[in-house]
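Let me begin by presenting the structure, written as structure tokens, before commenting on it.
The values are calculated or read from the model by the stated rules, or taken from the named source; none is laboratory data. If you're wondering where the values come from, they're calculated on a predicted model, not measured in any experiment. When we count neighbours, we look across all protein chains shown, and the Cβ atoms used for this are built from the backbone with ideal geometry, even at glycine.
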Amino acid sequence: MIDEIKKKVKYNQQCPYIATICRHMLDFDFEKLCSVTLSNLNVYACLICGKYYQGKSINTQAYIHSLEQDHHLFMNLQNTKIYCLPDNYEVVDHSLEDIQYNLDPKFNNLKELDDNIEESRALDGTTFLPGFVGLNNLSKSDYFNVVMQALCRIKPLRNFMIFLQFQKSATEPFDYNCLLSQRFSELTRKIWNPRNYKGHVSPHELLQAVTLKSNKQFKIGQQSDPMHLIIWFLDNLKKELLHINKINTIISDCFQGELQYEWYKPLKNAIGYQPIPIIEQKSFFYLSLDLPSTPLQKDGSQKALIPSISIQELIKKYDGFTNTDSADGRRRYTITKFPKYMIIHMKRFIKNNFFMEKNPTIVTFPLNDLDLSQCLNLEQQNVKYNLIANICHEGTAKVGIYKIHVKNEANNQWFQIQDLHKQNI
């Protein structure tokens, strides 16, 4: 029996087809479906043309492809094993490890990622910095790309997703209950892969998973608001990780804060508010800041004035003294617990009965040491945040693009990334 098993494994000197592999044709970013049957079961990648085919036994699509096209080496996309067809023997050789690594990147020392300032070289000769690579725009998916770029900056979340393990099954390769976390883990590892064959990554598989699990709320070819995606994605990712680990998740550890608000209901038969408020506690994963209305006056050139305001002024909404009025009453917010990573959202887009408007107000903020304890009047706490990512919108309310500014903490270099385009700033 042992001799029979050994005969099924041939090494480099026994397999004459290793030299036919075309690495520049390989792309493992796309959904792992057979290009003929569209099945996701038992799919193999042809290492000569890069296409995906199902099976390796007689009369399967991969077997037929090997005979028709004279392409003989195929890699299983679940376990990374490589076979020679139609002879159907496994090929084991150290020269193939880079291909297996690019399908499923593994990491040991994450500190090297944070300290790295050296660029890697892709197969086509272009250079790229691991962790700061462009993402393909899959038709109006720039909002999706900036969100994934931002989340990959959160070190505890990045490290957790890189080392997250899943049970792999040949009969059920994709578990719907952990589809988002599995795809996000794969994308995170590919973004930080220093041995990538290309200087960019396609988020195709993760976007397909988001489309499926959101019932097409977010999908290819349809623009959306990055903040809506962040809220949905973190909420559903948290649910999946709770399903996997059965304990409190990394999402809560990174982003969850707590606030208290006093709710003064309006008087029924008079103008004003009830003197005794309803006090409630709630958790939050982001803070939403209201921008001041755009002034109607114009300067001497008849151009509308663009106002400017500091972020410290906007955050006073949560100091426990500033009133926030709405149709159902008046509220005062107080932050009682700060998260490790603060997501702050500026509400720039306002939809009225006729059209969508964009508020052009300029918000100034420091890159380092944003002192929230001072602006929130919490002298007993030392709460300071450093900026690590900034998502911005360029254009009008109807037509525009999203881009992101990210920081390489190894040398404090900032980059602007818009889909595949990256530049120093």
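Please list, ordered by first then second residue, the pairs with beta carbon atoms under 6 Å, 6 or more apart or interchain, first in the range 324-341 and in contact (Cβ under 8 Å) with a residue 60 or more places away in the chain, second surrounded by 13 or more Cβ atoms within 10 Å (Cβ to Cβ) and charged (D, E, K, R).
Matching pairs, first to second residue: GLY329/LYS265; ARG332/GLU262; THR336/GLU258; LYS337/GLU258.
Each row is one residue, and each column tells you yes or no for (1) touching a residue at least 60 places away in the same chain (Cβ under 8 Å); (2) in contact with a strand residue (DSSP E or B) (Cβ under 7 Å, 6 or more places away or on another chain); (3) acidic (Asp, Glu).
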position: PRO105; (1), (2), (3): yes, no, no
position: GLU112; (1), (2), (3): no, no, yes
position: GLU119; (1), (2), (3): no, yes, yes
position: PHE128; (1), (2), (3): yes, yes, no
position: PHE132; (1), (2), (3): yes, yes, no
position: ASN136; (1), (2), (3): yes, yes, no
position: LYS140; (1), (2), (3): yes, no, no
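Matching residues to (1) within 28 Å of SER293 (Cβ to Cβ); (2) among the aliphatic types (A, V, I, L, M):
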residue: ILE343; (1), (2): yes, yes
residue: ASN353; (1), (2): yes, no
residue: GLU357; (1), (2): yes, no
residue: ILE404; (1), (2): yes, yes
residue: TRP414; (1), (2): no, no
residue: ILE417; (1), (2): no, yes
residue: LYS422; (1), (2): no, no
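Could you look through the range 21-78, keep only residues that are under 25 Å from LEU138 (Cα atoms) and of a type in the set (D, E, K, R), and pick out the one that is surrounded by the fewest Cβ atoms within 10 Å (Cβ to Cβ)?
Checked the range 21-78; the qualifying residue surrounded by the fewest Cβ atoms within 10 Å (Cβ to Cβ) is ARG23.
Does GLU112 satisfy being under 30 Å from LEU41 (Cα atoms), of a type in the set (D, E, K, R) and modelled with pLDDT under 90?
Spelling it out, it is not the case that GLU112 is under 30 Å from LEU41 (Cα atoms), of a type in the set (D, E, K, R) and modelled with pLDDT under 90.
Return the pair list, or none, for Cβ contacts closer than 6 Å from residues in the range 391-409 that are closer than 15 Å to MET148 by Cα to residues that are at pLDDT 90 or above and among the hydroxyl-bearing types (Ser, Thr, Tyr), at least 6 apart or on different chains.
Final answer for the pair search is TYR402/TYR143.
Check ILE278, ILE250 and return the single one that is over 20 Å from PRO203 (Cα atoms), of a type outside the set (Asp, Glu) and buried (at least 16 other Cβ atoms within 10 Å of the Cβ).
Working: ILE278 fails: buried (at least 16 other Cβ atoms within 10 Å of the Cβ).
None of the others qualify; the one that does is ILE250.
Quick one: in the range 86-100, of everything that is farther than 17 Å from MET25 by Cβ and of a type outside the set (Asp, Glu), which residue is surrounded by the most Cβ atoms within 10 Å (Cβ to Cβ)?
Selected residue: VAL91.
Being within 13 Å of ASN145 (Cα to Cα) and hydrophobic (A, V, I, L, M, F, W, C) is the filter here; which residues of the range 205-224 pass it?
LEU206, LEU207, VAL210, PHE218, ILE220
Looking at the range 51-83, which of its residues are assigned to a strand (DSSP E or B), more than 18 Å from THR20 (Cβ to Cβ) and out of contact with any Cys (no Cβ under 6 Å at 6 or more places or on another chain)?
Answer for the range 51-83, where residues must be assigned to a strand (DSSP E or B), more than 18 Å from THR20 (Cβ to Cβ) and out of contact with any Cys (no Cβ under 6 Å at 6 or more places or on another chain): just ASN76.
Scan the range 130-145 and tell me whether some residue there is buried (at least 17 other Cβ atoms within 10 Å of the Cβ), of a type in the set (A, V, I, L, M) and at pLDDT 95 or above.
For the range 130-145, residues buried (at least 17 other Cβ atoms within 10 Å of the Cβ), of a type in the set (A, V, I, L, M) and at pLDDT 95 or above: present.
Go through (1) of a type in the set (A, V, I, L, M, F, W, C); (2) out of contact with any Leu (no Cβ under 8 Å at 6 or more places or on another chain); (3) surrounded by 17 or more Cβ atoms within 10 Å (Cβ to Cβ) and name the single condition LEU157 misses.
(2)
How about the range 364-419: which strands (runs of 3 or more DSSP E) wholly inside it have at least 3 residues that are modelled with pLDDT of 95 or more and among the small types (Gly, Ala, Ser)?
Where strands (runs of 3 or more DSSP E) fall fully within the range 364-419, none carries at least 3 residues being modelled with pLDDT of 95 or more and among the small types (Gly, Ala, Ser).
For the range 231-265, which positions are in contact (Cβ under 8 Å) with a residue 60 or more places away in the chain and within 19 Å of the chain's Cα centre (by Cα)? Step through it out loud before you land on a result.
Filtering the range 231-265 for residues in contact (Cβ under 8 Å) with a residue 60 or more places away in the chain gives 233, 240-241, 243-244, 250-251, 253-265.
Once the filter is applied, which keeps residues that are in contact (Cβ under 8 Å) with a residue 60 or more places away in the chain and within 19 Å of the chain's Cα centre (by Cα), the range 231-265 yields PHE233, GLU240, LEU241, ILE250, ILE251, ASP253, CYS254, PHE255, GLN256.
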